[in-house]
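We did not get these values from a lab; they are worked out from the coordinates using the rules stated. Here the structure is a predicted model, which means the values were calculated and not measured. Positions of Cβ are backbone-derived with ideal geometry, glycine not excepted, and every protein chain shown enters the neighbour counts.
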Amino acid sequence: MAELKYISGFGNECASEDPRCPGALPEGQNNPQVCPYNLYAEQLSGSAFTCPRSTNKRSWLYRILPSVSHKSFEFIDQGHITHNWDEVDPDPNQLRWKPFEIPKASQEKVDFVNGLHTLCGAGDIRSNNGLAIHIFLCNTSMGNRCFYNSDGDLLIVPQKGKLLIYTEFGKMLVQPNEICVIQRGMQFSIDVFEETRGYILEVYGVHFELPDLGPIGANGLANPRDFLIPVAWYEDRQVPGGYTVINKYQGKLFAARQDVSPFNVVAWHGNYTPYKYNLENFMVINSVAFDHADPSIFTVLTAKSVRPGVAIADFVIFPPRWGVADKTFRPPYYHRNCMSEFMGLIKGHYEAKQSGFLPGGGSLHSPMTPHGPDADCFEKASKAKLAPERIADGTMAFMFESSLNMAVTKWGLKTSNCLDENYYKCWEPLKSHFTPNSRNPAETN
Ligand SMILES: [Fe+2]
């Protein structure tokens, strides 16, 4: 596969033409009476028309046929996708999942859409307020099927196997340790090359933004130029047997047939596009004196709520870095948080738990549910000699953190059969070190 090209820059106003049709973008206007190459003009709006400029998002697509050229949508089986947050009773326990099992291609062919499983979520699709976390488990390319989501944006985190994603804006190759965002309404189809697994954060009604940097200044964390946008690519492909467009609409799946590939956009311009990002490019900020900064310093992208500083969901990573804090318990501290914290692991070992939390698995710590390092980690880190050390080399853990109180689905708690019933036991060996007659810990060690 020839190396794919990208345009660089988060949220930029971009313009792209497939080089086979130079001049395909109309000059000086969006909607000429007749478009170059006799293409159709179509606008994709990602924000209300009247949003302020800073949040206004739309793109113009110049395509062989408009996307309305399809037969009617009909309800189809939605598999394990749900937005019913009352399937099972709430569970405030610390939850941890073993790696979610990928179906074997020799037994059952499963593509990206059929392989979507909703694990947890909260909020309401119809009022554009909420989120869902899905696990995708697949082994087969989508072929003549594409998908678009009317409900929100999808932040896709591949954990095993790369994804070749065809979109209306062009092609993206997304490998583990990269992420991509496919925004609301964008049609895409995914090719996979092996048994493939990953995580998805879906947010309803809002878009991901780079977090504000405050006193950090103009640079750092995820830098805008490291976000990559595909370049225009089209295929003029008739599909006599029928091409299937699958739509997630109000949490349910619908399918419509059409006679052509939807990837027939010859040129486009605008600021509403899919994009990808390599997590290796994250510039990590951390304490260089003592104590911890809050983990918000590791935020890659945020989907803001209407309350200042409060996110519908943040995407946070724990990348390789130096640990240098003096006189400090360096692993994550014990805490209770008003937020929901879902964690996943792309590769390696997470620093607060050396075992049990595995790549392709996950954990959920719900609002005010206590958690922190396991007993083994506490004992070791309390006694460790504090020299500068590498932390998390070869590892990439991440967190989907939400201000909403998420419910776990029936698939998550039961059907997946991956819930680790023994998770709470990792804290059972914690014992008291209290020395009421001696304030100085050094004297008792
Ligand atoms: Fe936490």
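Side notes on the structure shown:
- Taken over the range 86-140, the criterion of being acidic (Asp, Glu) and in contact (Cβ under 8 Å) with a residue 60 or more places away in the chain is satisfied by Asp86, Glu87, Asp91, Glu101, Asp111, Asp124.
- Of all residues making up the range 132-161, the number that are at positive phi and of a type in the set (A, V, I, L, M, F, W, C): 0
- Cβ-Cβ under 7 Å pairs, at least 6 apart or on other chains, the range 308-320 side over 14 Å from Pro332 (Cβ atoms), far side surrounded by fewer than 16 Cβ atoms within 10 Å (Cβ to Cβ) and among the charged types (D, E, K, R): Pro320/Arg390; Pro320/Asp393
- Within the range 382-406, the set of residues being of a type in the set (Gly, Ala, Ser) and crowded, with 17+ Cβ neighbours inside 10 Å comprises Ala392, Ala397, Ser402, Ser403.
- Subset tally (residues that are surrounded by fewer than 16 Cβ atoms within 10 Å (Cβ to Cβ), among the hydroxyl-bearing types (Ser, Thr, Tyr) and away from the ligand (no atom under 16 Å from the Cβ)) for the range 320-351: 0
- Answer from Ser296, Ser363 - the residue that is within 16 Å of the ligand (Cβ to nearest atom) and surrounded by 22 or more Cβ atoms within 10 Å (Cβ to Cβ): Ser363
- Residues of the range 145-165 that are out of contact with any Lys or Arg (no Cβ under 8 Å at 6 or more places or on another chain) and closer than 13 Å to Gln183 by Cα: Leu154, Leu155, Ile156.
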